[in-house]
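The values are calculated or read from the model by the stated rules, or taken from the named source; none is laboratory data. Because the structure is predicted, anything quoted here is derived from the model rather than measured. Methodologically, a virtual Cβ is constructed for each residue, glycine included, from the backbone with ideal geometry; neighbour enumeration extends over all protein chains shown.
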Amino acid sequence: MGEVFVITSGKGGVGKTTTTANIGTGLASAGKKVVLVDADIGLRNLDVVLGLENRIVFDIVDVTSGNCRLRQALIKDKRLEGLHLLPAAQTKDKTAVSPDQMRTLCTELKKEFDYVVIDCPAGIEQGFRNAIAGADKAIVVTTPEVSAVRDADRIIGLLEAAELRDPKLIINRIRPKMVRQGDMMSIEDIIDILAVDLIGVIPEDEMIVITTNRGEPVVLDQHSRSGQAYRNINRRILGEEVPMMSMEEDGFFKKLRKIIGLN
Amino acid sequence: MAYSRGNSHSDILSGFGQGLPLDQEDLVDENTILVQRTLRSGQSIRYNGNVVVLGDVNPGAEISAAGNVIVMGALRGVVHAGAGGDEKAVVLAFKLQPTQLRISNHITRPPDNETPDADHPEMARIRDGVVTIEVFQTGLNDRAGVGK
Ligand SMILES: Nc1ncnc2c1ncn2[C@@H]1O[C@H](COP(=O)(O)OP(=O)(O)OP(=O)(O)O)[C@@H](O)[C@H]1O
Ligand SMILES: [Mg+2]
C-alpha cells in the first residue's frame, strides 16, 4: 500500500509544481513506482514541467466522471520507468472533482504505486479541499517572504483541521547572501513561526527556470545546487538521515557534497 | 498610537511592590478557557472571559476576550483583552510581540522602530490611562497554594 503526499502552499507561485515534479522524478529514479496527480484543474502545468503535454488524451476529470478508466488516463514518463502522470483537465474548473471522488481516486492509486504525489492549486478554496482530501501526508512549500509564510501558516492550520498533522516544510528560493545581509527571512525566523519539521531548503537557482522550460526536472541535473537540494529531500522522504545544509557559510553546498560523499 | 515599553527592569520589578500591585490570583478565574494549541494565521478565539493559550498566537491570528489574555508562548497576532470595556484587563505573554494590542477601548501597536526581542514574559495593562508594557514576575515559586 502506497503513501499519498500533497504538495501545498496557500500562496501561488512559490514552487509547488516544481517541487511535485522533482520529488516524483527523484523517487522514481530511486526505483519507486510513482504517480503524480495534477489537481490544479483549469491551470494545468505539471505535464509541461515534465515535458509530457503532447501525450495527454484523458485527464483526471475524465476518470472521476467515468469517461475513461484510470489506466487509460495515466501517462508514462518518457525518461523514467516507474513514473506516471495523471494530468489535470484544462477546460474544466476546480468544482469538476469532489473530495469524495478524490479520496476514491487516491485509494485506487495507492494500491498500485509506492508514492502518489498531488500538486495542489494555490488558495484555500474548493481546489485545495479536493487536493488534500485523499492525502496521508502534506508537504508545505513556502518562500522566505512574510506573505508566503503567513499563507503557509494558514494552510498548516487548515491541514490540522482536516486531520493532516505534522506537515513537512520546504523553504524554496532562499538566497544565502540576502539572508546574511539581513534582507531576507532566515530559516530560523520561518521555523520559529511555523513550528513544523523542515524537510529541505531549495536555493534560488536559474537552473530551475532553464530545466523547467526544457521539461526536464532539475533533480536529474547532477551539477546544480537546486538539483542537489531536491535529491536530499527525496532521500529524507525515503527515510535516510541527510544533514540539513547550513546557510551560514559560503560554499555550503561544497561542504554538503563532502558530508554525503558526492563529487 | 504606539504603546511604550516600561522603563528599566529593576524599576519595574520594584514597581510591583509599590502603588499598583497586581493580584495574580485574579489573573484567571473560573470563567477561563484553555486553548491547548498554537493559533495560526486566520484562526481566532472570542470568549466572554479569560483566555489562556498553551502555544503561540501567530501573525494573522486573533484573540478577543472579555477578561485577561495569557499566552504561554509567542504572541504575534492581534489581541484584545477587556473587550467588553474592562479597563483592568491585562495581556500577558512569554514573548509579547503583538501586531496590535487592544485593552478595553485602547488600541495600540508596537512602536514602528522597535524590533522587540523579548526573551522574558511581559504584561500589558492600562496605567494612568495609557497601555504600558512591563516585565512580568511570576513569583510562582514562592507562592503557596498555586493551582488551587
Ligand atoms: N528555487 C527556484 N529558483 C528559481 N526559480 C524558481 C525556483 N522555484 C520555482 N521557481 C520558478 O517560479 C515559478 C513558479 O514555480 P511553480 O510553478 O513551481 O509554483 P507553483 O507554486 O506551482 O505556482 P502556482 O501557485 O501558480 O501553481 C516557475 O517559473 C519556476 O520556474
Ligand atoms: Mg502549480
Checklist line | Enumeration of residues in the stretch A:9-63 that are within 11 Å of ligand 2 (Cβ to nearest atom), closer than 17 Å to residue A:221 by Cβ and either assigned to a loop (DSSP other than H, G, I, E, B) or small (Gly, Ala, Ser) (or both) | finding: A:15, A:21
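Filtering the stretch A:1-15 down to residues that are within 15 Å of residue A:116 (Cα to Cα) and at pLDDT 95 or above, which residue is farthest from ligand 1 (Cβ to nearest atom)?
Looking at the filtered set, the residue picked out is A:2.
Taking residue A:21, is it more than 10 Å from ligand 1 (Cβ to nearest atom) and over 15 Å from residue A:135 (Cα atoms)?
Working: more than 10 Å from ligand 1 (Cβ to nearest atom): no; over 15 Å from residue A:135 (Cα atoms): yes.
For residue A:21, the condition - more than 10 Å from ligand 1 (Cβ to nearest atom) and over 15 Å from residue A:135 (Cα atoms) - is not met.
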Note to self: Looking only at the stretch A:154-177, filter to residues that are more than 14 Å from chain B (Cβ to nearest Cβ) and assigned to a helix (DSSP H, G or I); which one of those is surrounded by the fewest Cβ atoms within 10 Å (Cβ to Cβ)?
What the structure shows: A:177
Check: Looking at the stretch B:28-65, which of its residues are assigned to a strand (DSSP E or B) and within 14 Å of chain A (Cβ to nearest Cβ)?
Finding: B:35, B:39, B:44, B:45, B:53, B:57, B:62
Margin query: Would you confirm whether or not the stretch A:109-117 contains a residue that is within 14 Å of chain B (Cβ to nearest Cβ) and under 18 Å from residue A:46 (Cα atoms)?
Written below: no
Margin query: I'm trying to understand the selection: among the residues of the stretch B:66-86, which are touching a Gly at 6+ places or on another chain (Cβ under 9 Å), without any contact (Cβ under 8 Å) to a residue 40 or more places away in the chain and in a loop (DSSP other than H, G, I, E, B)?
Written below: B:66, B:67, B:76, B:77, B:82, B:83, B:84, B:86
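This table checks each residue for (1) in contact (Cβ under 8 Å) with a residue 60 or more places away in the chain; (2) under 29 Å from residue A:214 (Cβ atoms); (3) in contact with a strand residue (DSSP E or B) (Cβ under 8 Å, 6 or more places away or on another chain).
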| position | (1), (2), (3) |
| --- | --- |
| A:71 | no, yes, no |
| A:79 | yes, yes, no |
| A:82 | no, yes, yes |
| A:86 | no, yes, yes |
| A:91 | no, yes, no |
| A:125 | no, no, no |
| A:133 | no, no, no |
Note to self: Let me spell it out: the conditions are (1) surrounded by fewer than 21 Cβ atoms within 10 Å (Cβ to Cβ); (2) acidic (Asp, Glu); (3) within 16 Å of ligand 1 (Cβ to nearest atom); (4) within 14 Å of another protein chain (Cβ to nearest Cβ), and residue A:151 meets all of them except one. Which number is the exception?
What the structure shows: (1)
Next item on the list: Sort through A:122, A:131 and tell me the only one that's assigned to a loop (DSSP other than H, G, I, E, B), among the small types (Gly, Ala, Ser), under 17 Å from the mean Cα position of the chain (by Cα) and on the phi < 0 side of the Ramachandran plot.
Entry: A:122
Next item on the list: Give the stretch A:190-220 a look and list any residue that's crowded, with 21+ Cβ neighbours inside 10 Å, within 17 Å of the chain's Cα centre (by Cα) and assigned to a helix (DSSP H, G or I), or say none.
Entry: A:208, A:211, A:218, A:219
Margin query: Just to be sure I understand, how many residues within the stretch A:178-188 are within 20 Å of residue B:58 (Cβ to Cβ), away from chain B (no Cβ under 14 Å) and in a helix (DSSP H, G or I)?
Written below: 1
